[in-house]
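Peer 1: Let me give you the structure first, and then I'll get to my questions.
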């Protein structure tokens with residue numbers, strides 16, 4: 001059977017402090033000026049570098065450069081990817097700005113690759129709402145058109161931070177073993193697997209026994225009851241929390257399993273939960289079941305006598 | 001201290017466009033390890049040091065390399081390390097570890113499920129996070145900028161680039177692990193539309209899922225494990241500036257420096273980790289490889305480029321030519337970063 005897979009979205013707004021060199025560069029961009037920095041060999045780097053690439057000396061002499069320059073190399077992007085400067089086909093280019101000795105990587109809005117050539121002249125097109133980011137330059141454009149009205153300088157406090165949103169999209173696959181386990185859950189069954197070498201029963205089953213490095217194979221159906229091996233009382237609220245603290249997150253060792261898994265223990269006061277407590281699964285209504293361990297809403301005490309410590313000491 | 005260190009085993013997973021396996025590599029690695037144990041007679045408990053190369057960005061999850069350790073069977077506890085880089089750099093770490101004399105064997109592995117995300121976008125995150133990455137320049141576009149520099153200067157031509165692709169595909173026909181192989185016509189390739197002008201699809205390595213592993217051993221241990229070890233005579237890596245606009249993209253000074261330090265005279269086979277045809281042409285110039293040197297007899301990364309394993313695969317493929325007696329002295333090259341920014345050269349030879 002095909003392993004299960006699902007989209008996985010990963011996103012984070014990276015917030016970075018800039019320091020004196022990049023801070024000044026970004027402040028300049030916000031004010032619609034491009035500043036480079038003079039290197040140890042006299043060359044002007046634009047964008048500026050904090051340390052000389054040859055001598056590693058800290059660089060401090062800023063030099064204003066033009067917002068026009070010359071294309072040193074280019075490539076054509078016929079189908080722009082998410083996040084790139086333009087949504088319609090454009091050129092990537094290394095642009096050496098007038099007054100600089102190094103090139104800046106950016107987009108050129110040329111309309112067609114036929115308008116692109118090495119050595120062509122381009123100028124920056126400024127973003128309407130500058131914030132102090134490399135994207136304050138919306139893109140470059142060929143210099144053969146009429147000059148657009150130059151936007152007013154923006155001004156304000158020095159820029160010290162830059163925020164870069166990053167969003168990546170993945171298709172996350174479960175292993176074959178995990179897929180059997182997840183499909184079992186959709187039928188209200190708890191399916192583990194036994195390692196052929198050490199005989200241990202893992203739930204969820206693993207692609208390889210972490211002790212022996214061999215795939216687990218023999219399927220073992222486990223009951224929905226077991227013992228709390230260890231637990232913590234959650235008192236701290238956090239983003240996305242589904243239950244009002246305090247509540248108990250516990251490792252539950254199902255009867256017949258050799259590895260505990262994390263779940264909630266509800267149905268009694270948090271301070272009554274203890275190591276060795278016998279618990280059983282409380283399933284959600286059958287019509288809500290899917291390929292997820294969330295089909296078990298939580299575990300609750302069974303009222304049976306506690307398991308002796310020795311019976312789970314190996315599984316802590 | 002161990003001074004004589006050799007590659008004594010190499011195995012790889014099939015290079016495929018999309019595996020149904022997880023991003024933690026376990027399903028690809030378990031059979032690769034089994035193959036190496038069978039070939040060398042080692043058991044997992046005999047391995048002195050384990051070192052891996054992979055990327056959480058590629059996997060889309062934190063600490064994916066820790067999950068991969070399941071494939072080893074890490075009990076009793078093992079000595080293990082990881083680099084967020086190609087497995088070739090993990091091999092470098094393992095080589096240093098053996099040189100210290102602390103261990104006399106190491107198993108090095110690299111793995112990547114490139115198909116899980118959008119590889120071209122994921123690789124944008126290795127760029128300068130202040131002035132470059134916020135524009136999301138993709139890996140193919142950056143390679144295209146580099147290719148254009150060489151084309152403009154007459155250092156290579158689109159026809160020569162297509163010839164690299166055609167030679168690679170033809171050689172890959174003998175490599176059962178290769179993702180792409182077969183006869184292709186250079187003139188027909190040049191009729192294809194651009195993927196990222198001046199690069200066409202055949203100029204770019206495919207998106208590949210895969211894994212590879214290499215066993216290193218020192219001195220007499222190497223001779224016990226392998227009839228004809230591939231002795232490492234030079235292993236060096238160097239890096240160029242991350243600032244693309246300060247570099248002459250038609251050159252790779254770090255590759256030349258690594259090769260000079262490693263000592264590459266006399267090699268007859270070179271496995272070059274050039275994921276773009278123009279980069280192979282650049283590297284051949286930079287390393288000064290004559291036409292007599294056989295380039296990428298495996299088909300190379302243009303026929304299968306499992307991220308974070310492809311550089312290690314070059315070392316394994318080159319070593320395999322020594323171990324099977326078809327070559328005396330070989331070179332393997334690995335790269336990471338944009339436009340051949342960081343380069344590693346490993347030179348190996350057989351001894352009678």
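The values are calculated or read from the model by the stated rules, or taken from the named source; none is laboratory data. Being a predicted model, the structure only gives us computed values, none of them experimental. FYI the Cβ positions are ideal-geometry reconstructions off the backbone, even for glycines, and counts take in every protein chain you see.
Peer 1: How about segment A:138-177: which of its residues are surrounded by fewer than 18 Cβ atoms within 10 Å (Cβ to Cβ), more than 21 Å from residue A:104 (Cβ to Cβ) and either out of contact with any helix residue (DSSP H, G or I) (no Cβ under 6 Å at 6 or more places or on another chain) or within 14 Å of another protein chain (Cβ to nearest Cβ) (or both)?
Peer 2: A:146, A:149, A:152, A:155, A:156, A:157, A:160, A:161, A:165, A:167, A:169, A:171 - these are the residues of segment A:138-177 that are surrounded by fewer than 18 Cβ atoms within 10 Å (Cβ to Cβ), more than 21 Å from residue A:104 (Cβ to Cβ) and either out of contact with any helix residue (DSSP H, G or I) (no Cβ under 6 Å at 6 or more places or on another chain) or within 14 Å of another protein chain (Cβ to nearest Cβ) (or both).
Peer 1: Conditions: (1) without any contact (Cβ under 8 Å) to a residue 60 or more places away in the chain; (2) within 13 Å of the chain's Cα centre (by Cα). Residue B:290 meets all but one. Number of the miss?
Peer 2: Failing condition for residue B:290: (2).
Peer 1: Which one of B:163, B:192, B:158 is in contact (Cβ under 8 Å) with a residue 12 or more places away in the chain, within 14 Å of chain A (Cβ to nearest Cβ) and surrounded by fewer than 21 Cβ atoms within 10 Å (Cβ to Cβ)?
Peer 2: Values: B:163 fails: within 14 Å of chain A (Cβ to nearest Cβ); B:192 fails: in contact (Cβ under 8 Å) with a residue 12 or more places away in the chain.
One residue alone meets the criteria, B:158.
Peer 1: So if I check each of A:253, A:239, which one is outside any helix (DSSP H, G or I) and either at pLDDT below 95 or surrounded by fewer than 14 Cβ atoms within 10 Å (Cβ to Cβ) (or both)? Quick ask: steps written out before the conclusion?
Peer 2: Details: A:253 fails: either at pLDDT below 95 or surrounded by fewer than 14 Cβ atoms within 10 Å (Cβ to Cβ) (or both).
Every option except A:239 fails the conditions.
Peer 1: Being closer than 25 Å to residue B:229 by Cβ, touching a strand residue (DSSP E or B) at 6+ places or on another chain (Cβ under 9 Å), in the same structural domain as residue B:163 (by TED's automatic domain parsing) and crowded, with 23+ Cβ neighbours inside 10 Å narrows it down to one residue among B:294, B:329, B:314; which is it?
Peer 2: B:314
Peer 1: Right, next: Evaluate segment A:267-278: report whether one residue or more is farther than 19 Å from residue A:304 by Cβ and away from chain B (no Cβ under 14 Å).
Peer 2: Yes.
Peer 1: Condition first: within 14 Å of chain A (Cβ to nearest Cβ) and either surrounded by 22 or more Cβ atoms within 10 Å (Cβ to Cβ) or in contact with a strand residue (DSSP E or B) (Cβ under 9 Å, 6 or more places away or on another chain) (or both). Now tell me which residues in segment B:74-91 satisfy that.
Peer 2: Step one: list which residues in segment B:74-91 are within 14 Å of chain A (Cβ to nearest Cβ), which gives B:74-78, B:80.
Answer for segment B:74-91, where residues must be within 14 Å of chain A (Cβ to nearest Cβ) and either surrounded by 22 or more Cβ atoms within 10 Å (Cβ to Cβ) or in contact with a strand residue (DSSP E or B) (Cβ under 9 Å, 6 or more places away or on another chain) (or both): B:74, B:78, B:80.
To keep it simple, each residue is scored yes or no on (1) assigned by TED's automatic domain parsing to the domain that holds residue A:149; (2) in contact with a strand residue (DSSP E or B) (Cβ under 7 Å, 6 or more places away or on another chain); (3) farther than 30 Å from residue A:20 by Cβ.
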{"position": "A:52", "(1), (2), (3)": "yes, no, no"}
{"position": "A:57", "(1), (2), (3)": "yes, yes, no"}
{"position": "A:69", "(1), (2), (3)": "yes, yes, no"}
{"position": "A:73", "(1), (2), (3)": "yes, yes, yes"}
{"position": "A:83", "(1), (2), (3)": "yes, no, no"}
{"position": "A:91", "(1), (2), (3)": "yes, yes, yes"}
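Peer 1: Just to verify a result, which residue in segment B:29-54, among those that are facing chain A (nearest Cβ under 10 Å) and under 14 Å from residue B:110 (Cα atoms), is surrounded by the most Cβ atoms within 10 Å (Cβ to Cβ)?
Peer 2: B:29
Peer 1: So is residue B:345 buried (at least 24 other Cβ atoms within 10 Å of the Cβ), touching a helix residue (DSSP H, G or I) at 6+ places or on another chain (Cβ under 6 Å) and either modelled with pLDDT under 95 or closer than 29 Å to residue B:40 by Cα (or both) or not?
Peer 2: Here the answer is yes, as residue B:345 does meet what is asked.
Peer 1: Can you find a residue in segment B:110-119 that is at pLDDT 95 or above, crowded, with 17+ Cβ neighbours inside 10 Å, in contact with a helix residue (DSSP H, G or I) (Cβ under 9 Å, 6 or more places away or on another chain) and within 18 Å of residue B:8 (Cα to Cα)?
Peer 2: There is at least one residue in segment B:110-119 that is at pLDDT 95 or above, crowded, with 17+ Cβ neighbours inside 10 Å, in contact with a helix residue (DSSP H, G or I) (Cβ under 9 Å, 6 or more places away or on another chain) and within 18 Å of residue B:8 (Cα to Cα).
Peer 1: Looking at segment A:144-152, can you tell me whether even one residue there is within 34 Å of the chain's Cα centre (by Cα) and closer than 30 Å to residue A:76 by Cβ? Steps first, answer last, please.
Peer 2: Here is the first cut: in segment A:144-152, the residues within 34 Å of the chain's Cα centre (by Cα) are none.
The answer is no, given that none of the residues of segment A:144-152 is within 34 Å of the chain's Cα centre (by Cα) and closer than 30 Å to residue A:76 by Cβ.
Peer 1: Within segment A:10-18, identify whether any single residue is within 28 Å of the chain's Cα centre (by Cα), over 16 Å from residue A:161 (Cα atoms) and in contact (Cβ under 8 Å) with a residue 12 or more places away in the chain, and answer yes or no.
Peer 2: Checking segment A:10-18: at least one residue is within 28 Å of the chain's Cα centre (by Cα), over 16 Å from residue A:161 (Cα atoms) and in contact (Cβ under 8 Å) with a residue 12 or more places away in the chain.
Peer 1: In this structure, does residue B:151 turn out to be surrounded by fewer than 22 Cβ atoms within 10 Å (Cβ to Cβ) and touching a helix residue (DSSP H, G or I) at 6+ places or on another chain (Cβ under 6 Å)?
Peer 2: Judged against the criteria, residue B:151 is not a match.
Peer 1: Might you check whether a residue that is farther than 28 Å from residue B:130 by Cβ, touching a residue at least 24 places away in the same chain (Cβ under 8 Å) and either within 13 Å of another protein chain (Cβ to nearest Cβ) or not in a loop (DSSP other than H, G, I, E, B) (or both) occurs anywhere in segment B:235-246?
Peer 2: Within segment B:235-246, one or more residues are farther than 28 Å from residue B:130 by Cβ, touching a residue at least 24 places away in the same chain (Cβ under 8 Å) and either within 13 Å of another protein chain (Cβ to nearest Cβ) or not in a loop (DSSP other than H, G, I, E, B) (or both).
Peer 1: What residue, of B:116, B:68, B:62, B:94, is within 8 Å of chain A (Cβ to nearest Cβ) and over 30 Å from residue B:246 (Cα atoms)?
Peer 2: Working: B:68 fails: within 8 Å of chain A (Cβ to nearest Cβ); B:62 fails: within 8 Å of chain A (Cβ to nearest Cβ); B:94 fails: within 8 Å of chain A (Cβ to nearest Cβ).
Exactly one residue qualifies, and that residue is B:116.
Peer 1: Being surrounded by 12 or more Cβ atoms within 10 Å (Cβ to Cβ) and either assigned to a helix (DSSP H, G or I) or at pLDDT below 95 (or both) is the filter here, so list the residues in segment A:269-284 that pass it.
Peer 2: Of everything in segment A:269-284, just one residue is surrounded by 12 or more Cβ atoms within 10 Å (Cβ to Cβ) and either assigned to a helix (DSSP H, G or I) or at pLDDT below 95 (or both), namely A:270.
Peer 1: Separate question: Checking residue A:132 against (1) closer than 26 Å to residue A:35 by Cα; (2) at pLDDT below 90; (3) surrounded by 20 or more Cβ atoms within 10 Å (Cβ to Cβ), which single condition isn't satisfied?
Peer 2: Here residue A:132 meets the rest and fails (2).
Peer 1: While we're looking at this one, here's another question. Among the residues of segment A:126-137, which ones are touching a helix residue (DSSP H, G or I) at 6+ places or on another chain (Cβ under 9 Å) and outside any helix (DSSP H, G or I)?
Peer 2: Once the filter is applied, which keeps residues that are touching a helix residue (DSSP H, G or I) at 6+ places or on another chain (Cβ under 9 Å) and outside any helix (DSSP H, G or I), segment A:126-137 yields A:126, A:127, A:129, A:130, A:131, A:132, A:133, A:137.
Peer 1: If I ask for residues that are touching a helix residue (DSSP H, G or I) at 6+ places or on another chain (Cβ under 9 Å), outside any strand (DSSP E or B) and either surrounded by 19 or more Cβ atoms within 10 Å (Cβ to Cβ) or more than 9 Å from chain B (Cβ to nearest Cβ) (or both), which ones from segment A:102-118 would you list?
Peer 2: The answer is A:102, A:103.
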